[in-house]
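See below for the structure under consideration.
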Amino acid sequence: MTQDVEMKEQAAPSNSLPSFSPSTLHHLKEIASLIETGAYDREVRRILRAIRLTMALRRKLKASALSAFLNFTLIPGSEALTRLSSYLPKEDEHAMEVDTATSAPEAPAKHSLPEIEIYCYLLVLMFLIDQKKYNEAKACSSASIARLKNINRRTVDVLAARLYFYYSLCYELTGDLAEIRGNLLSLHRIATLRHDELGQETLLNLLLHNYLHYNLYDQAEKLRSKAPRFEAHSNQQFCRYLFYLGKIRTIQLEYTDAKECLLQAARKAPIAALGFRVQCNKWAIIVRLLLGEIPERTVFMQKGMEKALRPYFELTNAVRIGDLELFRSVAEKFSSTFSSDRTHNLIVRLRHNVIRTGLRNISISYS
């Protein structure tokens, strides 16, 4: 299966940030204040807004700003501060002074809130992944999950769902995805007992992805059928669920249900999640061909998808005209692409459709 793709958030409105472009550290402090207010008032929407602002700020994160932010928010000498600081590279002192200059007049505001601590874990984890320091990211994600197991607060659930995703992503990037399957099942059980609905949805999708990554379709279907009903509290998680369900239905030869799930997932996915929508369209094209349908040309001409869908366009053309030799040459030409998309076995099934179409064309020409 292809690597799990992060669905990007829509960028926060420009009026949500000051126009004079203050430092990254200043923005992080504002976000921490927003999380603190949401935690005290028990307003999850404030935590959600804080995450959206963080995603808009993600590319600007630097080790110096993160280190200054950790020192500003976490209690000196605390286990969290010591551990998180150890994951950050040491930069030159001049860069540190530039980032911390704006905070010099302020008195450090030390927080003991679990929401702030988990947010710090999330920031460091995203930074390590972006810097491609996957081993450090894996250690950081494992530490954050161990800490999450001891926190039972609904205002933490939104942050926890993000950490669950990056936890799985870190192990996938290092090729150790199978190691955490038991831990994900345990976390899903804990989320169910705590009535953490967003956590349940996120963990169920991560488990389905884990099983499908190793082609364990039967186990994935058993888990899906026995898990609590998917209520779709998050549009992104619902899209992922539809995508995984569509893949399971395709392997089970239930092409009509698979087509509906895959097309719905592509339609509901955020516009920014281009990679995810491309994967949905690739599988939907194959399923439609297996059903005897020929996708419209507009499907292959969607903005930003033309190059990625080119192999499937040529495959569709071979199926449409019933040319077995052309079908074979296209399958060989793009074999590496089909293998990486995990659609190669489905394309083998298409051979019968090509032969059937060819015989139909011969019959029509003779009649």
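The values are calculated or read from the model by the stated rules, or taken from the named source; none is laboratory data. In this text, all values refer to a predicted model and were calculated from it rather than measured experimentally. Quick note on the areas: whole protein, heavy atoms, side chains included, nothing else; ligands and nucleic acids left out. Shrake-Rupley method; radii C 1.70, N 1.55, O 1.52, S 1.80 Å.
Table for the structure above
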| read-out | value |
| --- | --- |
| Cross-link pairs 138/333; 247/303; 133/333; 60/259; 247/333 - those with Cα-Cα distance over 31 Å | 138/333; 133/333; 60/259 |
| Relative contact order [Cα under 8 Å, 6+ residues apart], the chain, whole percent | 13 |
| Mean ellipticity per residue at 222 nm, deg cm²/dmol - from DSSP H runs of n ≥ 4 across the chain, formula -39500 (n - 2.57) | -22000 deg cm²/dmol |
| Residues of segment 313-356: accessible area per residue with a 1.4 Å probe, Å² | 53 |
| Apportionment of accessible area to carbon and sulfur, the chain, percent (1.4 Å) | 51 |
| Mean accessible surface per residue for segment 225-289, computed with a 1.4 Å probe while every protein chain stays in place, in Å² | 41 |
